[in-house]
Amino acid sequence: YDSASSLIYFDVNGLKPINDTHGHAAGDAALMRVADILVENVRESDIVGRLGGDEFAVILSQADEAKAAEKALDLVAKIEEHPLNWNGVDIPVGVAFGAYTFRGGVSAQDALAAADRAMYEQKLAGRRRLAG
């Protein structure tokens, strides 16, 4: 449709400590919590997928850089606002993110690699900002 779309790459922070402290079932529940929040807070035309391990991607159709940044920050806030309640204990769950906005001619692999690099930049910066 000759319009921009964006890919947001999410990496769950602190999954190993959750697994080590509360068990792998709690870690699995944390991943499911993140997945549910992502799915419940995007449009029907958007796509949410688990890439593996503790990584997720969201494809925002017809979303430019500004819309992707706004949506990424909104999703991060929703994840942080809803800790996992595990056996009566609230376990905070956070994510690092990066985004890449693409137009025609970019392969899915290149878009994912660019969003992944942006996520690592954001994670290293230790701040809530959109890199990329």
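Observations on the model:
- Any hit, the stretch 117-126, residues being closer than 20 Å to residue 13 by Cα and part of a loop (DSSP other than H, G, I, E, B): yes
- Among residues of the stretch 1-51, those that are within 14 Å of the chain's Cα centre (by Cα), basic (Lys, Arg) and closer than 23 Å to residue 101 by Cβ, counted: 1
- Annotation note: Cβ proximity below 8 Å between a residue of the stretch 95-113 that is in contact (Cβ under 8 Å) with a residue 40 or more places away in the chain and a residue that is surrounded by fewer than 13 Cβ atoms within 10 Å (Cβ to Cβ) and in a loop (DSSP other than H, G, I, E, B) (sequence gap 6+ or interchain) occurs for 103/2; 103/3; 104/2.
- Remark: residue 57 falls outside the filter, which requires a residue to be without any contact (Cβ under 8 Å) to a residue 40 or more places away in the chain, of a type in the set (Gly, Ala, Ser) and either out of contact with any His (no Cβ under 6 Å at 6 or more places or on another chain) or over 12 Å from residue 5 (Cα atoms) (or both).
- Residue match in the stretch 114-128 (condition: open to solvent by less than 70 Å² (accessible area, probe 1.4 Å) and at positive phi): yes
The values are calculated or read from the model by the stated rules, or taken from the named source; none is laboratory data. Values in this document were obtained by computation on a predicted structure and should not be read as measured data. Backbone-built Cβ (ideal geometry, glycine too); neighbour counts: all protein chains shown. Ligands, DNA and RNA are excluded from the accessible area calculation, which covers all protein heavy atoms including side chains. Shrake-Rupley method; radii C 1.70, N 1.55, O 1.52, S 1.80 Å.
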